[in-house]
Amino acid sequence: MQVVSTIKLSISGLGDAEATILEDGMWALLIRGAAAYAVEMRTVDRADVFELNQTGLEMASWAETQKHAFWTEVEKIRMSHIQKSANVPYFTIPDPETGEY
């Protein structure tokens, strides 16, 4: 999420951060993303355990759905920052007619 944010994000107590600084909606997004990755790691750890029920597959499917939703929201944040940016967030190409940027 830091890669797409224009401000320095932090969570109090994590990495010596003294304050929590998250944009609107990012706290819930962060929790959903963390939960998805935690469940995915748990299902990977349990992949070799024999189970008669399908809860492992259901959990893996849930994690994949949540990860997809997480990255979709991160992309929306990225696009929002690009659209609101006062500076061009990408390289410019000179006008072929004038040679100016």
- Given the structure, is residue 21 surrounded by 10 or more Cβ atoms within 10 Å (Cβ to Cβ), in contact (Cβ under 8 Å) with a residue 12 or more places away in the chain and in contact with a strand residue (DSSP E or B) (Cβ under 6 Å, 6 or more places away or on another chain)? yes
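Looking only at residues that are part of a loop (DSSP other than H, G, I, E, B) and surrounded by 10 or more Cβ atoms within 10 Å (Cβ to Cβ) in segment 73-101, which one is modelled with the highest pLDDT? Quick ask: steps written out before the conclusion?
So in segment 73-101, the residues part of a loop (DSSP other than H, G, I, E, B) come out as 85-101.
Subset that is surrounded by 10 or more Cβ atoms within 10 Å (Cβ to Cβ): 85, 89.
Working: 85: 75, 89: 60.
Going through the qualifying residues, I end up with 85.
If you check residue 60 against the conditions, is it more than 19 Å from residue 4 (Cα to Cα), of a type in the set (A, V, I, L, M) and modelled with pLDDT of 85 or more? Let's see the steps before the verdict.
Working: more than 19 Å from residue 4 (Cα to Cα): yes; of a type in the set (A, V, I, L, M): yes; modelled with pLDDT of 85 or more: no.
It is false that residue 60 is more than 19 Å from residue 4 (Cα to Cα), of a type in the set (A, V, I, L, M) and modelled with pLDDT of 85 or more.
If you check residue 39 against the conditions, is it modelled with pLDDT of 85 or more and over 20 Å from residue 76 (Cβ atoms)? Explain how you work it out, then say what you get.
Values: modelled with pLDDT of 85 or more: yes; over 20 Å from residue 76 (Cβ atoms): yes.
Yes; evaluated as a whole, the condition is true for this residue.
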- Subset tally (residues that are modelled with pLDDT under 90 and either in a loop (DSSP other than H, G, I, E, B) or in contact with a Phe, Trp or Tyr (Cβ under 6 Å, 6 or more places away or on another chain) (or both)) for segment 20-35: 5
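The values are calculated or read from the model by the stated rules, or taken from the named source; none is laboratory data. Small disclaimer: the values here were computed from a predicted structure and weren't measured. Cβ sites come from the backbone with ideal geometry, for glycine too, and all protein chains shown count toward neighbours.
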